[in-house]
Amino acid sequence: MILLKRGNDMNKKSKIYLIVLIWAAAILQLAINNSIDREKQMVEQVMSQGVENLTAGSTKAYAYYGDQELSDEAKEEMVKSLAKKLGITADYEVNHEDMADGRTTTLVKLGQNGDTTIKVISLQVTDKYNQVTVENYVMVEIELKGVAAKHTSNYCDILREMYKDLGMNPTTNIYLCSQVKGELVDSQKEQYVVEFLESTDAKTVETVEFDNVYMVYGYSKNIDEYVFQNDEKVNVNIAIDYDSVEDITYIHMGVPFVDRSF
């Protein structure tokens, strides 16, 4: 199980953890150090393998947005405003939905080169005085397809600036996937791992193997935030997954970790 560790604000981060459970199937996403652009280095490393090998990329961001009561209309205006900042002005869907501990407003825009999801979540929480209050969170995910994934780190920068303009300090996650034909031998897998860890200036923390998946968790001192994997700090992650039916090996890379299931 992956646990959060980030200096202070543990209560608020615990609530963010609950939100991410709702939105991302029990996957917690954390921010990386903005001053060191590890994402771009990761993209460059993948690009060096050939653009045609890229299959997907995604960047996600979320942040706390105060404790004011927000109507569905207000949240809808907000997701539309955020969409406009990303150049999305038409052909999207907006839905309002109840959840166990609150209510969410979601805008979804599907595109040929990628999909965008924007959420404003209002979560009902009980404070230390046993009073029910509201906490709002803003989440944005941009999923890029095929060669468009080469722009993943650029969109991560765009999201950070967008949140900054709104007075919010977002937590981010970046993910890339490339592929090669056939099954890799152990030495080839290790080469991919070495190149990835070098691109993120990280050291190996733990190696996990199961079924056709080879996964390595790493830690870089140059990335401020991290998660716990078996009581160890990790903030970079690579997983190599072989599909015997397709006879294709997929290389998944993430900072701070790969937010995909295998």
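The values are calculated or read from the model by the stated rules, or taken from the named source; none is laboratory data. Being a predicted model, the structure only gives us computed values, none of them experimental. Neighbour counts run over all protein chains shown; Cβ positions are idealised from the backbone, glycine included. Note: areas computed on protein heavy atoms with side chains; ligands, DNA, RNA excluded. Shrake-Rupley method; radii C 1.70, N 1.55, O 1.52, S 1.80 Å.
Which residues, counting only those in segment 235-262, are in contact (Cβ under 8 Å) with a residue 60 or more places away in the chain and more than 23 Å from Ala149 (Cα to Cα)?
Across segment 235-262, the qualifying residue is only Ser244.
Going residue by residue through segment 250-257, is there one that turns out to be closer than 18 Å to Gly57 by Cα, assigned to a helix (DSSP H, G or I), open to solvent by 10 Å² or more (accessible area, probe 1.4 Å) and in contact with an Asp or Glu (Cβ under 8 Å, 6 or more places away or on another chain)? Within segment 250-257, none of the residues are closer than 18 Å to Gly57 by Cα, assigned to a helix (DSSP H, G or I), open to solvent by 10 Å² or more (accessible area, probe 1.4 Å) and in contact with an Asp or Glu (Cβ under 8 Å, 6 or more places away or on another chain).
If the condition is being open to solvent by less than 20 Å² (accessible area, probe 1.4 Å), polar (S, T, N, Q) and modelled with pLDDT of 95 or more, then segment 117-166 contributes Ser122, Asn136. For first residues located in segment 100-111 and in contact (Cβ under 8 Å) with a residue 12 or more places away in the chain, partners that are in a loop (DSSP other than H, G, I, E, B) and lie 6+ apart or on another chain with Cβ distances below 6 Å form the pairs Leu107/Tyr92; Lys109/Ile88; Lys109/Tyr92. Could you go through segment 170-185 and let me know if any residue there is within 30 Å of Met139 (Cα to Cα), open to solvent by 30 Å² or more (accessible area, probe 1.4 Å) and outside any loop (DSSP other than H, G, I, E, B). Scanning segment 170-185, I find at least one residue that is within 30 Å of Met139 (Cα to Cα), open to solvent by 30 Å² or more (accessible area, probe 1.4 Å) and outside any loop (DSSP other than H, G, I, E, B), so the answer is yes.
Restricted to segment 188-248, the set of strands (runs of 3 or more DSSP E) holding at least 3 residues that are crowded, with 16+ Cβ neighbours inside 10 Å and of a type outside the set (D, E, K, R) comprises 213-219, 226-229, 236-243.
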